[in-house]
1. Expressed as a rounded percentage, what relative contact order does the stretch 182-292 have, with Cα pairs under 8 Å and six or more residues apart?
2. Ordered by residue, what ³J(HN,Hα) values in Hz, to whole numbers, does the stretch 20-31 give under the Karplus form 6.51 cos²θ - 1.76 cosθ + 1.60, where θ = phi - 60° and Gly and Pro are x?
3. Give the long-range amide H neighbours of TYR106: residues separated by 5 or more places, or on another chain, with amide H under 5 Å away, using H modelled in the peptide plane at 1.01 Å from N.
4. Shape of the stretch 234-292 from its Cα gyration tensor (a ≥ b ≥ c, root eigenvalues): rounded if a/c is under 1.5, otherwise prolate when a/b > b/c, or oblate?
5. Mind sorting TRP107, TRP230 by how few other Cβ atoms lie within 10 Å of their own Cβ, fewest first?
6. Sort TYR154, TYR185, TYR252 by Cβ crowding within 10 Å, fewest neighbours at the top.
7. Could you tally the net charge around LEU91, taking each other residue with its Cβ under 13 Å from the Cβ of LEU91, Lys/Arg +1 and Asp/Glu -1?
8. Cα-Cα over 21 Å: which of LYS34/LYS280; LYS184/LYS259; LYS34/LYS245; LYS49/LYS245?
Amino acid sequence: MESLYLKNTAENQSGANMSYKEKLTSENIENFLKQSKNIPVLEELILEKAENLRTIACLNPKQTLKKASLLSQEKLNQELLRIKKSVDSFLDLQENEIPETPSIRYWCFIDNFRFRKNFHYAGYCLPDKILLMPKRKEIIFPGIAHEYCHHAQYSVIPDLLKSKIGEYKEEAYILFEFPDYEGKYRTFTEGHARGAERHISSAYAEQNGNLFTCAIKSLDIEELRDCYSWLCRAFRKKPNSQVRKINTGYPYFASRFEKPVPHAIGNAFFSIMEREHGPKIYAEAIRQFNGH
């Protein structure tokens, strides 16, 4: 990951002397992604994922995913512990690096007022807890992996947390969101968590059927296609008709006339890096961010 990213950022003098941490700011990840040479790469990734989705008979995920049911609180706790082990292993984290396992529960109506947030995403990670929107199991499982990855990020890379929250108060969650929400590294944290979410869910799907694979691959396609369309607009390239016609059935709101959300840009960035260097980049990203 380092070598490819150094090669690309060295093309301008301002990026040649950046530290690894500086290269992973939201602004610099966006600058890296917004190059015309990434259009065919994203196109190839999207078509590959779409073909894989067809192969596992998920052309209409909405029908397939109805088979999964909502988890009880007890099962939710059990899944968190199991997913924690998988994410820690995937990121090559030692047990003492994550001192505490966060609590987990479903989001409730009163949380909208307590935390002053509309629940747009599948989950939120706060300093000591994970809150999840009540959804079917195949959506919840990737959501737990994603939010726990945020917990791991901020446990292992304290600079990310410091860049956002300032003074922490137990009763003042409303002042910030644990993932560096509008901060300088949000695209990094979201793309990194997307990668962990994708790999953990895919591994779980091999043992439990294709429900989780359908959910995560559908979201992957939509986010990568959003970035692909954004680049095509920026460089006035005509999008591939095959890419445009893919129907995942996933409820995704494309950016259309604006740039994609940090989740999508981060996902595209890490997908390109993973294609070049393999899944080891997720563990290496944490180590190199800390200067190890």
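Each reported figure results from applying straightforward, stated rules to the coordinates on display, with no laboratory input. Quantities reported herein were computed from a predicted structural model and do not represent experimental measurements. Cβ: placed from backbone, ideal geometry, glycine included. Neighbour counts: every protein chain shown.
1. Computed value for the stretch 182-292: 39 percent relative contact order.
2. Once rounded to whole Hz, the list reads 4, 4, 5, 5, 9, 5, 4, 4, 6, 5, 4, 5.
3. Amide H neighbours of TYR106: LEU132.
4. Numbers: a/c = 2.24, a/b = 2.11, b/c = 1.06.
Taking the square roots of the gyration eigenvalues as a ≥ b ≥ c, the stretch 234-292 is prolate.
5. Values: TRP107 18, TRP230 23.
The most exposed by this proxy come first: TRP107, TRP230.
6. If I rank by nearby Cβ atoms, fewest first, I get TYR252, TYR154, TYR185.
7. In short, -2.
8. Values: LYS34/LYS280 24 Å; LYS184/LYS259 16 Å; LYS34/LYS245 23 Å; LYS49/LYS245 14 Å.
The answer is LYS34/LYS280; LYS34/LYS245.
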